[in-house]
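Chemist: Pasting in a structure now, in structure tokens, and then I'll have a few things to ask.
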Amino acid sequence: MPSELTTTSSSPCVIGIDYGTDSVRSVVIDTADGTILSTAVFAYPRWQQGQFSDVTRNQFRQHPLDYVEGLTHCIREALAQAPAGSAARVTGIAVDTTGSTPCALDQSGTPLALNDDFTQNPNAMFVLWKDHTAVKEAQEINELAHCWETDYTRYEGSIYSSEWFWAKILYVLRTDEAVRAAAYSWAEHCDWIPFLLTGGTDVHQMKRSRCAAGHKAMWHPRWDGLPSEDFLTSLDPLLSGLRSRLYEQTHTSDQPTGTLSGEWAERLGLSPEVVVSVGAFDAHMGAVGGQIESYYLSKVMGTSTCDILVAPREDLHDKPVSGICGQVDGSVIPGMEGLEAGQSAFGDVYAWFKEVLIWPLRQVVMKSTLMDESTKQRLQQEVLDQMIPALSEAAEKIPMDESSALAIDWLNGRRTPDANQRLKGALFNLSLGTDAPTVFRALVEATCFGARRIVERFQDEGVPVKGLIGLGGVAKKSPFIMQTMANVMNMPIKIARAEQTCALGASMFAATAAGEFATVREAMDRMGAGFDAEYRPNPEVVSQYQRRYEQYQRFGKFIESELNR
């Protein structure tokens, strides 16, 4: 069972790298038993400064230099903190990233933002998963696909999202003539990092992730890969010829993409024989790190949620599941069907409310002349650190009242069921007696109600959900939210012990690709961390939450009908 203790083992080590929304983290892990030898985290400096994003337009872009600098720093730092000799024992590296987070590339596979002409152009950077500038393009994709001879959204939940590959590409091509002229191809973040590490110089040689292609790019063996050239050019002639400059084959993440290039081996202090596996998305590798089981919904809970379920292929009989984020053979565990759903905002909902409450402190108190600058900075940090715990403690004490404030959690649109990024959040049943903890409790309930809708969609489509597995920062840090989740779901939720489940999952793929284990399942069994908490529903409040949930559904239908007018 993994721990963070040092070890005198001489068994092989692997490195798991997890690119999140705000930072990249790495872990060095002993393959013998999953012992975590060291960890390191690097916050993206340009992203932290708010560069290249415009929240008012739902534009979120990340510079590739943030990724490259983070890759170098966090691996070197993790190796420096690991026991002496660990670097010599490393046999594999694997990478997970957010997604869909595509970027325009030149023919060498270099992101355009790394070329002198585009260093400050957001359209030449990675279009982050949460970027919703392509709502119009997603709608056009859906309208065309649903009347085309082949519905290419069939295995994408039958609704294509503005968060995904083709919509984002089309938006950028329409918006930026210079990028349109210079872009030879495009790649997901999870495909580009392994390509970079292995010294790739020809985009046609880039090994593409089955996970990313199947869930976000409408790739499927049934129609020989990506949507047809006729479909794409009918969507917009700007897409003409791009299909041939992308890819046909995809690969599961237990497969090597190559070995470290000489340049990267020297930069990181590792052997050039270290195997780099094919990349994947964070939640998919995180589900493996959290030891996912068939028909258990693995919920990676951070700024958003990504919900992953795996099932034997023969159980689904090739039946598409409507309204989710895709089902792809081998996208999670090779040999099994991976199904994805999720919420566009989860932790981001709480972060939004925190920012609303902190506004007077930032704009009034921090400009006060009654305190010195050091005191003001310490005060601000103390309030930021204590706000969510204090709100949680107060909210937990509020008696259940079915007529109290109720929220809709679509502050960043709705991912599933039935993606619609035009939707907005809302608050109902406010009165002069509604205070901050009451609103916070309503927001927590709303995110849990949104999670319940996902479970019910799987069940309505004939896919059973036997239990829940909680992963990520929210799952580890907020007992109040997790207990509310169990109460709303009327289902237990067990919490993965590992702090860095996505990076741990990546390390399991690294170990498999490097040949330390024959299968990912074997790596999970040997390196898994187990579970350290379980929240069970409180029977005394389950029926009350059922009535609150029915209100949430009614109000949600009202919001949707008004916005669709």
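Chemist: If we count other beta carbons within 10 Å of each Cβ, what is the order of TRP129, TRP47, fewest first?
Modeler: Sorted ascending by nearby Cβ count, the order is TRP47, TRP129.
Chemist: Here's another thing I want to ask about it. Using each residue's phi in segment 308-322, evaluate 6.51 cos²θ - 1.76 cosθ + 1.60 at θ = phi - 60° and report the 3J(HN,Hα) Karplus result to the nearest Hz, with x for Gly and Pro.
Modeler: Listing the rounded values in order: 10, 9, 10, 8, x, 4, 5, 6, 8, 6, 6, 7, x, 9, 6 Hz.
Chemist: When we measure straight from the Cα of LYS466, which lysines land under 30 angstrom away, once same-chain ones fewer than 8 places off are left out?
Modeler: Filter leaves LYS130, LYS216, LYS299, LYS319, LYS476, LYS477, LYS494, LYS557.
Chemist: I've got another one for you. Helix-only estimate, please: 222 nm mean residue ellipticity of the chain, summing -39500 (n - 2.57) across DSSP H runs of length 4 or more and dividing by its residues, to the nearest 500.
Modeler: -12000 deg cm²/dmol
Chemist: Now for a different question. Please report, in Å, the Rg and the Dmax of segment 267-425, where both are computed over Cα atoms only.
Modeler: Cα radius of gyration and Dmax of segment 267-425 are 22.0, 69 Å respectively.
Chemist: Okay, next question. As an exercise, find the ratio Rg/Rh for the chain from alpha-carbon atoms, using the Kirkwood inverse-distance average for Rh.
Modeler: Taking Rh as the inverse mean 1/r over Cα pairs, Rg/Rh reads 0.96.
Chemist: Does segment 205-304 classify as rounded, prolate or oblate by the C-alpha gyration tensor (a ≥ b ≥ c root eigenvalues; a/c under 1.5 gives rounded; else a/b over b/c gives prolate, otherwise oblate)?
Modeler: It comes out oblate by the Cα gyration axes.
Chemist: Grab the eigenvalues of the alpha-carbon gyration tensor for segment 422-565, scale each by 5, take roots, and send me the semi-axes largest first in whole angstrom.
Modeler: 35, 18, 15
Chemist: Please work out the ratio of the alpha-carbon Rg of segment 468-548 to 2.2 N^0.38 Å and round it to two decimals.
Modeler: Relative to the 2.2 N^0.38 Å estimate, segment 468-548 comes out at 1.39.
Chemist: Something else about it: Which ordering of VAL135, VAL203 is given by a fewest-first count of other beta-carbon atoms within 10 Å?
Modeler: With the sparsest Cβ surroundings first, the list reads VAL135, VAL203.
Chemist: With each pseudo-label sitting 7 Å past Cα toward Cβ, what's the GLU382-GLN459 distance in nm, one decimal?
Modeler: Spacing of the two 7 Å Cα→Cβ label points: 4.7 nm.
Chemist: Still on this structure: With θ set to phi - 60°, apply the Karplus curve 6.51 cos²θ - 1.76 cosθ + 1.60 along segment 182-189 and write out the HN-Hα couplings as whole Hz, x wherever there is a Gly or Pro.
Modeler: 8, 6, 8, 8, 9, 8, 6, 3
Chemist: Calculate one ³J(HN,Hα) per residue across segment 86-96 by plugging θ = phi - 60° into the Karplus curve 6.51 cos²θ - 1.76 cosθ + 1.60, and present them in order as whole Hz with x for glycine and proline.
Modeler: For segment 86-96, the Karplus curve yields 5, 4, 5, 8, 6, 10, x, 9, 9, 10, 10 Hz.
Chemist: Rounded to a whole number, what is D in µm²/s for segment 147-219 from Stokes-Einstein with the Kirkwood radius over alpha-carbon pairs (4 °C, 1.567 mPa s)?
Modeler: Value of D from the Cα-based Kirkwood radius: 93 µm²/s.
Chemist: Here's another thing I want to ask about it. In Å³ and rounded to a whole number, note down the convex hull volume per residue for the Cα atoms of segment 384-423.
Modeler: Roughly 122 Å³ of hull volume per residue.
Chemist: Collect residues whose amide H, placed 1.01 Å from N in the peptide plane, falls under 5 Å from the amide H of TRP186; neighbours closer than 5 in sequence don't count.
Modeler: The answer is LEU105.
Chemist: Plugging the Kirkwood radius over Cα pairs into Stokes-Einstein for segment 112-164, at a temperature of 10 °C and a viscosity of 1.306 mPa s, what D comes out in µm²/s?
Modeler: 124
Chemist: Mind grabbing the base-10 log of I(q)/I(0) for segment 107-244 at q = 0.09, 0.11, 0.12 Å⁻¹? Debye formula, identical points on the C-alpha positions, no solvent, two decimal places.
Modeler: Taking Cα atoms of segment 107-244 as identical point scatterers yields -0.26, -0.39, -0.46.
None of the figures in this text is laboratory data; all of them are computed from the coordinates on show. Remember, it's a predicted structure, so these values are computed and weren't measured experimentally. With ideal geometry, Cβ positions are generated from the backbone for all residues, glycine too; neighbour counts draw on all protein chains shown.
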